[in-house]
Amino acid sequence: MEKIITFSIAAYNVQNTLRNCLDSFIDGRSLNQIEVIIVDDGSKDSSKDIAQEYCTQYPDTFKLLAKENGRTWLNYK
């Protein structure tokens, strides 16, 4: 099924609340229609690991973009 909406989630040191946020997107009726992009901005906690768990479990829905804190996308390599 074609994705009808994309959500972007900023994730910087949010390990205590990230699971709750990502769980809110897991609904069997719409899971195949949405895309959730989690942008980890160089977290020092386990936010990136938590995000990766969701990407592994729901690869057609969750995507992870990880970058160093403060680097712009234009200069990111």
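The values are calculated or read from the model by the stated rules, or taken from the named source; none is laboratory data. What you see is a predicted model; the values in this text were computed from it and never measured. All Cβ positions, glycine included, derive from the backbone under ideal geometry; neighbour counts span all protein chains shown.
When only residues in region 38-77 that are loosely packed, with under 11 Cβ neighbours inside 10 Å and among the β-branched types (Val, Ile, Thr) count, which is modelled with the highest pLDDT?
THR56
Out of all the residues in region 26-35, is one or more part of a strand (DSSP E or B) and either free of Cβ contacts under 8 Å to residues at least 12 places away in the same chain or within 11 Å of the chain's Cα centre (by Cα) (or both)? Spell out the reasoning first.
From region 26-35, those part of a strand (DSSP E or B) are 34-35; that's our starting set.
Adding the requirement that they be either free of Cβ contacts under 8 Å to residues at least 12 places away in the same chain or within 11 Å of the chain's Cα centre (by Cα) (or both) leaves 35.
Looking through region 26-35, at least one residue is part of a strand (DSSP E or B) and either free of Cβ contacts under 8 Å to residues at least 12 places away in the same chain or within 11 Å of the chain's Cα centre (by Cα) (or both).
Pairs, please: C-beta under 7 Å, at least 6 apart or cross-chain, first residue assigned to a helix (DSSP H, G or I) and in region 47-64, second polar (S, T, N, Q) and surrounded by 12 or more Cβ atoms within 10 Å (Cβ to Cβ)?
SER47/ASN13; SER47/GLN15; ILE50/GLN15
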